[in-house]
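Peer 1: One structure, pasted below without further comment.
The values are calculated or read from the model by the stated rules, or taken from the named source; none is laboratory data. Please read all numbers here as calculations on a predicted model, not as lab measurements. All Cβ positions, glycine included, derive from the backbone under ideal geometry; neighbour counts span all protein chains shown. For accessibility, only protein heavy atoms count, side chains too; no ligands or nucleic acids. Shrake-Rupley method; radii C 1.70, N 1.55, O 1.52, S 1.80 Å.
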Amino acid sequence: MDNFIFKADSLYCEDVNIRDIAEKYGTPAYIYSKKTLEENINSYKNAFSKKDNLICFSVKSLSNLSILELLHRNGFGFDIVSGGELERVVSAGGDPKKTIFTGIAKSEEEILNGIKKNILSFNIESESEMYRIESIASKENKTVDVAIRFNPEVDSGGHEYIKTGRKKDKFGIFLDQIIRFVEHISTSKYLNLIGLSCHIGSQIVDLNDYKITAKYIKRLAEEIDKFGIKLEFLDLGGGLGISYSNLDTPTPKELADIIEQELEDRTEKIILEPGRSISGNAGILITKVEYIKDKYLIVDSGMNDLLRPALYQAKHDICNVEKNTAESSEWNIVGPICESSDVLAKDFKMSAKEGDILAIKTAGAYGHVMSSNYNTRRRPPEILVDKDQYKIIRKRESYDDLFKNEMEIED
Ligand code: LLP
């Protein structure tokens with residue numbers, strides 16, 4: 001359930017008419033519902049009945065500072081994958097001590113900054129990374145907390161591009177190599193093993209994938225027990241799928257139940273790293289129909305604003321923000337970008353005329369964060385609705401913003 005609903009003939013976000021926002025801030029624009037975010041936050045807060053847990057919001061899915069601040073105020077930690085995301089967490093008032101750093105290409109600068117900021121853990125993804133963290137820690141004369149991100153070789157998730165836990169994927173450390181890492185870390189003066197982590201993919205709708213992963217994590221934790229190491233957490237990553245149309249998807253509570261069942265005998269804290277299942281249905285992208293040509297609804301937002309349809313052939317539900325008496329027909333909804341892949345929806349049945357505003361739904365996750373300036377387009381603003389109020393939380397870029405880092409050729 002989200003809070004984008006029709007009241008009479010107009011689409012509202014909570015108690016705000018979407019048309020009012022479009023008139024004030026123009027299109028395209030991202031609009032988020034605070035109530036939906038809070039409902040999703042609460043469903044994670046109430047998911048676990050027994051186990052101590054920490055929910056680390058995956059910053060990459062929606063990284064606006066105001067949204068991160070909301071999550072922090074609700075006690076959430078953060079899953080980050082870059083130095084930039086760490087800066088965002090800190091700027092939003094988030095707690096580095098509740099922040100885990102994943103990612104296969106952590107630079108020296110990023111590691112040093114993470115160490116200085118005292119993050120909860122680096123999730124190690126390769127042998128070379130382990131030695132790099134150890135060497136930087138020794139120069140800083142600090143013992144650094146780390147976890148091993150393992151690759152459970154589970155084939156899960158939606159599109160090919162968002163699967164991460166298979167043997168052919170670049171992420172994590174394979175099961176048969178983990179013990180080598182444990183042996184090294186257990187003798188290191190500068191590394192302290194505090195957890196095991198994994199993330200098997202995104203848009204996962206079959207909880208059995210998590211069950212299998214939980215079994216692996218349990219088995220590995222038992223192996224690590226033999227070293228006399230007491231782990232602090234077991235991190236099962238993010239990935240819980242959401243409905244983009246009428247898909248029946250598991251809830252955070254159902255996910256937590258499975259994990260609690262499988263890890264009943266373990267005493268470690270459970271960490272989850274949800275992104276999409278918190279931010280996805282909390283956002284829409286509004287766009288105006290500029291022209292109609294044959295079967296094309298040509299709108300003012302494109303793949304530079306919302307990349308998912310072009311990159312993953314993702315299907316987002318779309319509606320006209322005003323109920324419309326125009327005859328409905330099947331449209332190809334396309335954007336202004338000079339690429340034939342700039343299609344937001346194919347053969348989509350709706351009624352629309354030039355000048356109408358459309359809402360592309362479930363665009364809160366991997367929407368604005370994946371936008372770009374391609375075709376020298378300004379990235380859209382972000383607006384947060386709270387009951388009958390709304391506030392701009394990121395301005396539309398200006399052309400000056402786009403050009404400010406570019407230099408003139410010197411004579
Ligand atoms: N943790 C790690 C280590 C991740 O790599 C990700 C997402 C998450 C957590 C959060 O996953 P979520 O709960 O949001 O599924 N751009 C793609 C999704 C890429 C996901 C990348 N990793 C899309 O638009 O579908």
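Peer 1: Take the eigenvalues of the Cα gyration tensor for the chain, scale each by 5, and report the square roots as semi-axes in whole Å, largest first.
Peer 2: Semi-axis lengths for the chain are 40, 24, 19 Å.
Peer 1: Going through the cross-link list Lys45/Lys253; Lys211/Lys253; Lys98/Lys215; Lys45/Lys391; Lys45/Lys230, which pairs have a Cα-Cα distance over 19 Å in this structure?
Peer 2: With Cα atoms farther than 19 Å apart: Lys98/Lys215; Lys45/Lys391; Lys45/Lys230.
Peer 1: Return the distance in nm (one decimal) between the two label points of a simple spin-label model at Glu339 and Lys226, each offset 7 Å from Cα along Cα→Cβ.
Peer 2: Those two pseudo-labels are separated by 4.9 nm.
Peer 1: So which aspartates and glutamates pass the test for Lys116, namely a Cα distance under 16 Å, with those fewer than 8 places away in the same chain ruled out?
Peer 2: Correct list for Lys116: Glu85, Glu87, Asp95, Glu108, Glu134, Glu140, Asp145.
Peer 1: A follow-up question, please. Between Ile5 and Tyr399, what is the spin-label point distance in nm, taking each point 7 Å from the Cα along the Cα→C-beta axis?
Peer 2: My value for the distance between the label points is 4.4 nm.
Peer 1: Separate question: Can you work out the FRET efficiency for the pair Lys50 and Asn324, with r the C-beta to C-beta distance and R0 = 35 Å, to the nearest 0.05?
Peer 2: Efficiency, from the Cβ-Cβ distance: 0.10.
Peer 1: Report, ordered by chain and residue number, the lysines lying within cross-link reach of Lys346, taken as a straight Cα distance under 23 Å and ignoring same-chain residues fewer than 8 apart.
Peer 2: Once the sequence-local lysines are set aside, what remains near Lys346 is Lys288, Lys293, Lys295, Lys315, Lys323, Lys361.
Peer 1: Between Glu410 and Asp388, what FRET efficiency comes out of the Förster formula 1/(1 + (r/R0)^6) with R0 = 51 Å and r the beta carbon distance, rounded to 0.05? Could you put the intermediate results ahead of the total?
Peer 2: Working: r = 54 Å, r/R0 = 1.06.
According to the calculation, E is roughly 0.40.
Peer 1: Kindly report the accessible area of the chain per residue (heavy atoms of protein chains, probe 1.4 Å, no ligands, DNA or RNA), in Å².
Peer 2: Accessible area per residue: 45 Å².
Peer 1: Something else: Highest first, please rank the peptides 233-240, 142-149, 207-214 by the mean number of other Cβ atoms sitting within 10 Å of their residues.
Peer 2: The peptides rank, most packed first, as 233-240, 142-149, 207-214.
Peer 1: Rank-order 75-87, 284-296 by packing density, defined as the average count of other C-beta atoms within 10 Å over each peptide's residues, highest first.
Peer 2: Going from most to least packed, we get 75-87, 284-296.
Peer 1: Roughly how tilted is helix 34-45, in degrees to the nearest 10 and between 0 and 90, from the longest Cα axis of the chain?
Peer 2: 30 degrees
Peer 1: Expressed as a whole number of Å, what is the distance separating the alpha-carbon centroids of region 396-411 and region 4-71?
Peer 2: 33 Å
Peer 1: Per the 1.4 Å probe, what fraction of the accessible area of region 63-274, in percent, lies on carbon and sulfur atoms?
Peer 2: With neighbouring chains kept in place, the figure for region 63-274 is 46 percent.
Peer 1: Let me ask another. How would you order 302-310, 66-74, 44-52 from highest to lowest mean count of nearby Cβ atoms within 10 Å?
Peer 2: 302-310, 66-74, 44-52
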